[in-house]
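Inspection log for the structure reproduced underneath, given as structure tokens.
Bear in mind these aren't lab numbers, they're just calculated from the coordinates by the rules spelled out. Not measured: the values here are computed from a predicted model. Backbone-built Cβ (ideal geometry, glycine too); neighbour counts: all protein chains shown.
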Amino acid sequence: MQSTEFMGRQGSLATTTFTTSAYVRPITSTSIAVALSAVRSLNVRMTRRQPAPWSRWSDERLLALRFRELHLSRPAAWVERCQKLLQLELADRALRVRPHVWLAEEWFSPRGIPGFAIPFYLAHPRLMQLERSQMHMVEGGTPASCMAIMRHEAGHAIQHAHRLHRRARWRQLFGNSGAPYPECYRPRRNSTRFVRHIPGWYAQSHPDEDFAETFAVWLRPGSRWRTRYARWPVALEKLKYVDALMDELRTVRPPVAERAKPHSIAQSSLTLGEHYRARRHAYRVTPAGWLSL
């Protein structure tokens, strides 16, 4: 959705009377409340996001558009509500990291940055429709799936903010964070060494993803991970480590506070058509039984 300026301005309430031609009426608490309510209502109306000019375009015309020409800077309102809920979950655990977000081509959290990118299509219903028509699915397209992915990405942000991958015990449990990311991976579907959170046995793809998935399971309210993974000793050991580690990090100020937003669509000259052709090619070249990242 398009970014807008906050155009409303609240009038001064410093005076003690409203003057009319007939009489002077003293301000009461009720009249102040009514005035503030009216100002808030006006501000909401004046800051409402304007319809995107491309929202009624055909797929063909939309695919020719460059990312920066979308003029998007924020995800949809329901996605922002998910982000606020994530912040509340982190605050409830007394964790001081508050991941910042931005719009990019896909979900990801860059090394060294305690934030994460949200895919562009979660900024507008028309782009979600295009995503479904091009890829036959919308990853994170419901509040439940969006929250699941945000908890995962928050795990990356926590790792980056506190440089957790430098700890010996972290490396012992999850592996070498510096290992190259594979183009695709072949999951062991019956393995009990990894938690299961995001579909596709994603924890098996890389040590960083193993940690992020474990963190997400730990963070989710009501997950009952001790019971669920009681017979999965390796996965349970990772969860217990995360539990103890997060307890250690309660109220601790993270040493990394970088707020960069790499690969933002605001600077991308790539067209949507080029983006989708590259993604479909990646899926086509993935061998049977393997999953692409």
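Structure data summary
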| quantity | calculated |
| --- | --- |
| J(HN,Hα) series, the stretch 196-209, from Karplus relation 6.51 cos²θ - 1.76 cosθ + 1.60, nearest Hz, glycine and proline x | 10, 10, 6, x, x, 6, 5, 4, 7, 6, 6, x, 4, 6 |
| Theoretical gain in end-to-end length, residue 192 to residue 240 [0.36 nm per residue, Cα-Cα removed] | 15.8 nm |
| Distance between modelled label sites at residue 260 and residue 145, nm, 7 Å Cα→Cβ extension | 3.1 nm |
| Qualifying lysines (Cα of each under 21 Å from Cα of residue 84; at least 8 residues distant if same chain) | 261 |
| Normalised alpha carbon radius of gyration of the stretch 59-292 [divisor 2.2 N^0.38 Å] | 1.03 |
| Karplus-derived HN-Hα couplings along the stretch 152-161 (A = 6.51, B = -1.76, C = 1.60, θ = phi - 60°), whole Hz, x at Gly and Pro | 4, 5, 5, x, 4, 4, 5, 4, 5, 5 |
| Per DSSP, loop trypsin sites (Lys or Arg not before Pro) in the stretch 204-247 with at most 13 further Cβ within 10 Å | 224, 231 |
| Amide H within-cut-off set for residue 118, under 5 Å, with H built and near neighbours excluded | 102, 103, 104 |
| Sequence ranges 103-110, 264-271, 120-127, ranked by mean other-Cβ count within 10 angstrom, highest first | 120-127, 103-110, 264-271 |
